[in-house]
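Comments concern the structure below.
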Amino acid sequence: MRPIIIMFLLLMISSITLFVKAQQVNTLYFMEDVPVRHFLNPSFQPTTDFYLSLPVIGFTQFGVGNNSLTLKDIIFNENGKTVSFLNSLSNEQRFYNTLKPTTVIHTDLQTNLLSFGFRHESAYWTFSVTEKADGTIKLSKDLFQLSLFGTTNPQNNSFDITNLDGKLSVYTEAAVGYSKRVNDKWLIGGKLKLLLGTANVLNTNNQLILNAGAEKWILSGTGTANYSGPVQLNIGPNYQSFSYTTPSSLPGWLKPSGMGAGIDAGFEYRFNKKIKLSAAIKDFGFIRWSKNVQNNPYRVNYSFDGVKSFDNSSTVNTYRDVYNKLILKNYLVDSIVAAFKTSSSSSHTSNSYTSTTTAKINLGFEYSLLKDKLSLGLLSYSQLFKNVIAEEITASVNAKPYKWLNASLSYSLFNGGLSTIGAGLGIKTGIFHWFLAADYIPFQKATLSLSEMGVSNSNIKIPIPYNSTSFNLALGLNIVFDKKIHMKKGLLRNNKKQDCNCEWN
C-alpha cells in the first residue's frame with residue numbers, strides 16, 4: 001500500500017500548486033467585440049468584416065484548478081496560529097467532508113498559431129490553427145479516507161480507488177468554421193477540426209481495490225498505461241529496466257504521433273429584442289495514437305504484512321503515522337520498486353490506441369438593456385471527464401457604451417468562493433483590437449516567498465489565491481477591418497483612382 005499512499009501525497013501537493021478544473025474564460029462569452037469569441041461558440045460571428053489573429057499574441061488562454069479544494073481547506077488560521085488540516089481530527093474530518101466523490105485536477109493551455117475570418121453576406125468563415133495541452137488527474141475519495149483515517153476496522157477495510165487515473169495530451173488543432181444567420185432570430189454554426197497529436201500519456205484502471213486489515217494489506221486490480229510521442233521509451237519486462245531514445249533531427253520531433261478529428265456545434269436564438277439564448281458543444285473529438293506507442297498492461301496483486309512491518313514500533317493507522325514512517329524512515333523508493341517488480345504484467349505491446357478530447361458544453365442567456373449598450377448574462381459551463389462532470393455557472397454585467405469599448409464584470413458561483421471576481425476589457429484602437437479577461441481575480445490571497453522554496457537571495461513573493469479552486473486568463477491582440485469598400489470594376493487605371501463610387505457600411 002505504500003506506493004498508493006505516496007502517490008496520494010505527491011498528487012495532493014500537485015493540486016495545491018495547480019488548483020485546476022480546465023478553464024475557458026467564461027467572461028469572454030458575452031463580450032461581442034472580441035473577434036475570437038467563436039472559440040466559445042461557433043455560431044458567434046465577429047462584429048468586424050475581417051480579422052487576423054497573429055501567433056501567440058493573437059489569442060492565448062490557460063486555466064488551472066480542481067473541483068474540490070481551495071488553499072484555505074489545507075492551510076488556515078486557528079486561534080492566531082497558521083495550521084494545516086492535519087492539526088486535529090476535527091480539521092481532518094472537515095477537510096474530508098469538503099471533497100467530492102471524485103476530485104478532478106485539470107489544467108489546459110491554448111495558444112494561437114494563426115487564425116483569421118471574414119464575412120460573406122450573412123455568413124462568416126473562420127480558419128484557425130492552435131496548439132493545445134490538456135491534462136487531468138482523478139482521485140477517488142476513498143483514497144483520501146484511507147490516508148486520513150487509516151484502517152478503522154481492525155479486521156478488514158475495502159477501498160475502491162479505481163478512479164485513480166490520469167491523462168495528458170499535447171496536440172495541434174486545425175479548424176474550419178462556418179456561421180450562418182438564417183433569419184432575424186436564428187444564428188447557427190459549426191466547426192470541423194483536424195487534430196494532429198504531439199504526445200500523449202493515458203492511464204486507465206479497469207479495477208483497483210485495496211483490502212486493508214490489521215495484519216495484511218492487499219492491493220489488486222488491472223489497468224493499462226499507454227504512451228505515444230516523439231521520444232521512444234524502452235521499458236523492460238515487469239519494469240526491471242527503463243531507457244529512452246530522442247529523435248535525431250527536427251522532423252522527428254515535428255512528425256505527428258497521432259491523428260484525429262473533432263467538431264464544434266452551436267446556435268444563438270433571439271427570443272425577442274431583449275432576450276437571447278445560446279448553446280454550444282465544443283472540443284468533441286478523438287485522436288488515434290500510432291507513433292512510438294507503448295502499451296503497458298498491468299495486473300497488480302501486491303500484499304505486505306501491515307505497516308507495522310516497517311519497524312518494530314506500533315501499528316500505523318493515520319496519515320501522520322504513515323508520513324513519519326514512509327518519509328522520515330526512507331521506505332519510499334524501496335516500496336515503489338517492490339510494487340512494480342512484484343506485480344504481474346503482460347508483455348509490452350505497441351498497438352495504436354485512441355484518446356478523447358475534453359468535451360465542453362456552454363448554455364447562455366443574455367438580457368439586453370439601454371438599446372444593447374448594457375446586458376446581463378448567465379452562462380452554464382460543463383466539462384466531461386469520462387463519468388465525471390465538472391460545472392461552473394457565471395453571471396455577468398456587460399457594457400458596450402462606445403464602438404471602441406467593450407467591458408464585462410462577472411462572478412463564478414462554484415469556484416469563486418465569495419472572494420473572487422471576473423473582469424474583461426476589450427479596446428479597439430485603429431485596426432487593432434486588444435482584450436484581456438479572467439474569471440477568478442482574487443480578493444484574498446496568500447504569498448509564497450521564493451526564498452522559502454530554496455531560491456537564495458530572492459525577495460520575490462508569489463501571490464496565491466486563498467479561497468478559489470481555479471485560476472484562468474485569456475488575452476489577445478487582433479488586426480480587424482470593420483468597414484467594407486465596394487468598388488466598381490475599371491475604377492482604378494494606371495495606378496490612379498478615377499471616379500470612385502465607394503459604399504461604406
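A few remarks follow.
- So Glu121, is it more than 25 Å from Gly166 (Cβ to Cβ), surrounded by fewer than 22 Cβ atoms within 10 Å (Cβ to Cβ) and either in contact with a Cys (Cβ under 6 Å, 6 or more places away or on another chain) or at pLDDT 85 or above (or both): yes
- Any chance Leu168 is touching a Gly at 6+ places or on another chain (Cβ under 7 Å) and closer than 30 Å to Asn206 by Cα: yes
- Single residue of region 350-379 satisfying the filter (outside any strand (DSSP E or B) and touching a residue at least 60 places away in the same chain (Cβ under 8 Å)) that is farthest from Ile275 (Cα to Cα): Ser352
- Output for region 243-270, where each listed residue is in contact (Cβ under 8 Å) with a residue 24 or more places away in the chain and over 28 Å from the mean Cα position of the chain (by Cα): Tyr269, Arg270
- Candidates are the residues of region 76-89 that are modelled with pLDDT of 75 or more and closer than 19 Å to Phe144 by Cα; the one that is surrounded by the most Cβ atoms within 10 Å (Cβ to Cβ) is Phe85.
- The numbered conditions (1) at pLDDT 55 or above; (2) within 30 Å of Asn87 (Cβ to Cβ); (3) not polar (S, T, N, Q) are all true for Lys360 except (2).
- Flag for Val300 being modelled with pLDDT under 70, aliphatic (A, V, I, L, M) and more than 30 Å from Tyr171 (Cβ to Cβ): no
Conditions (1) surrounded by fewer than 18 Cβ atoms within 10 Å (Cβ to Cβ); (2) at pLDDT 55 or above; (3) closer than 27 Å to Leu109 by Cβ, marked per residue:
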site	(1), (2), (3)
Ala280	no, yes, yes
Gly285	no, yes, yes
Asn296	no, yes, yes
Ser313	yes, no, no
Thr349	yes, yes, no
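- Filter result (of a type in the set (Asp, Glu) and either within 17 Å of the chain's Cα centre (by Cα) or surrounded by 16 or more Cβ atoms within 10 Å (Cβ to Cβ) (or both)) within region 166-189: Glu173
- Within the set Val231, Val201, the sole residue that is of a type in the set (A, V, I, L, M, F, W, C), touching a residue at least 40 places away in the same chain (Cβ under 8 Å) and either in contact with a strand residue (DSSP E or B) (Cβ under 8 Å, 6 or more places away or on another chain) or more than 29 Å from Ile361 (Cα to Cα) (or both) turns out to be Val231.
- Region 216-275 - residue that is over 30 Å from Tyr298 (Cα atoms) and of a type in the set (Val, Ile, Thr) and, of those, surrounded by the most Cβ atoms within 10 Å (Cβ to Cβ): Ile263
- Subset of region 392-429 [among the aromatic types (Phe, Trp, Tyr) and either modelled with pLDDT under 90 or closer than 17 Å to Ser68 by Cβ (or both)]: Phe414
- Filtered residues of region 190-214 (kept if surrounded by fewer than 17 Cβ atoms within 10 Å (Cβ to Cβ) and out of contact with any Lys or Arg (no Cβ under 9 Å at 6 or more places or on another chain)): Leu192, Leu194, Asn206, Gln207, Ile209, Asn211, Gly213
- Residue within region 7-27 that is modelled with pLDDT of 95 or more and farther than 26 Å from Thr103 by Cβ present: no
- Top-ranked residue of region 220-239 - restricted to ones that are farther than 13 Å from His348 by Cα and of a type in the set (Ser, Thr, Tyr), ranked as modelled with the highest pLDDT: Ser228
The values are calculated or read from the model by the stated rules, or taken from the named source; none is laboratory data. Everything quoted here is computed from the prediction, not taken from an experiment. Glycine gets a Cβ as well: all are built from the backbone with ideal geometry, and neighbour counts include every protein chain shown.
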